[in-house]
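Following: one structure in structure tokens, then a few remarks.
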Amino acid sequence: EDQVTQSPEALRLQEGESSSLNCSYTVSGLRGLFWYRQDPGKGPEFLFTLYSAGEEKEKERLKATLTKKESFLHITAPKPEDSATYLCAVRYSGGYQKVTFGTGTKLQVIP
Amino acid sequence: EPEVTQTPSHQVTQMGQEVILRCVPISNHLYFYWYRQILGQKVEFLVSFYNNEISEKSEIFDDQFSVERPDGSNFTLKIRSTKLEDSAMYFCASSVGPNNEQFFGPGTRLTVL
């Protein structure tokens, strides 16, 4: 059973068209939810850490939010350089230090 | 800005051979990890390492794999007797503490022929 599910699998946006990516999780005892950006052939690049429901983090055009069951990554007025795969990962009680990744949302922003 | 580095960027090997993938974690980090990503699939945890010993490993990390911190800066993943299905991107990561975010290196693409 998947513990971290991301949707949509792929998203195509026009430049400037805001949208949200979803990450739902079924683990118990969440000890951190992480958002990463991954460009093709590269390693995941850290974006945000969220620890508790209601928490929000913001960086440039990106804003991450967390509830008890899911997290959203809001992208405001995206630019072509925001095109990448966005990965969600969770750390939970019983998982010690490892993080468990979702399959990602591949975002394409068209000029 | 400090970053995790990995060498080589691409390793090609014959099935049955041994490979060693190398990583230099961020200098003040104490926790080290290896993950792999098979093409088109999600990033999967292999092993975590702290205080010179394995602290957690996944079911993927069997006797074929081993990790070592041979000196104060390097962290290595050894894969013995490689199989075709070991072909993947291997990522090293490090974190300051067990609950902090993990920073990933650029990866080593392993191709087993």
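Could you look through the stretch B:81-113, keep only residues that are charged (D, E, K, R) and facing chain A (nearest Cβ under 10 Å), and pick out the one that is least open to solvent (accessible area, probe 1.4 Å)?
The residue in question is B:E101.
Conditions (1) open to solvent by less than 70 Å² (accessible area, probe 1.4 Å); (2) more than 14 Å from chain A (Cβ to nearest Cβ); (3) under 18 Å from B:T7 (Cα atoms), marked per residue:
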position	(1), (2), (3)
B:Y31	yes, no, no
B:Q37	yes, no, yes
B:G40	no, no, no
B:E44	yes, no, no
B:S55	yes, no, no
B:D63	no, yes, no
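Is it the case that the stretch B:13-24 has a residue that's over 21 Å from B:Q64 (Cβ atoms), open to solvent by 40 Å² or more (accessible area, probe 1.4 Å) and not in a strand (DSSP E or B)? Give the steps one after another, and end with the answer.
Quick first cut of the stretch B:13-24, residues over 21 Å from B:Q64 (Cβ atoms) only: B:24.
In the following step, the residues that additionally are open to solvent by 40 Å² or more (accessible area, probe 1.4 Å) were identified as B:24.
Restricting the remaining residues to those that are not in a strand (DSSP E or B) gives none.
No, the stretch B:13-24 contains no residue that is over 21 Å from B:Q64 (Cβ atoms), open to solvent by 40 Å² or more (accessible area, probe 1.4 Å) and not in a strand (DSSP E or B).
Tell me which residues, restricted to the stretch A:9-40, are open to solvent by 50 Å² or more (accessible area, probe 1.4 Å) and not in a strand (DSSP E or B).
A:E9, A:E15, A:E17, A:S18, A:T26, A:S28, A:P40, listed by residue number.
Restricting the search to the stretch A:85-108, which residues are open to solvent by less than 10 Å² (accessible area, probe 1.4 Å) and out of contact with any Phe, Trp or Tyr (no Cβ under 7 Å at 6 or more places or on another chain)?
Scanning the stretch A:85-108 gives A:R91, A:G95, A:F101, A:G102.
Within the stretch A:70-111, can you find the residues that are over 11 Å from the mean Cα position of the chain (by Cα) and hydroxyl-bearing (S, T, Y)?
Correct list: A:T76, A:S83, A:Y92, A:S93, A:Y96, A:T100.
Just checking, which of B:Q17, B:Q37, B:Q64 is within 29 Å of A:K106 (Cβ to Cβ) and of a type in the set (S, T, N, Q)? Break it down stepwise before answering.
Values: B:Q17 fails: within 29 Å of A:K106 (Cβ to Cβ); B:Q64 fails: within 29 Å of A:K106 (Cβ to Cβ).
Exactly one of B:Q17, B:Q37, B:Q64 is within 29 Å of A:K106 (Cβ to Cβ) and of a type in the set (S, T, N, Q), namely B:Q37.
The values are calculated or read from the model by the stated rules, or taken from the named source; none is laboratory data. What you see is a predicted model, and the numbers here were worked out from it, not measured in a lab. Note that each Cβ is placed from the backbone with ideal geometry, even for glycine, and that neighbours are counted across all protein chains shown. Please note that ligands, DNA and RNA were not included when accessible areas were found on the heavy atoms of the full protein model with its side chains. Shrake-Rupley method; radii C 1.70, N 1.55, O 1.52, S 1.80 Å.
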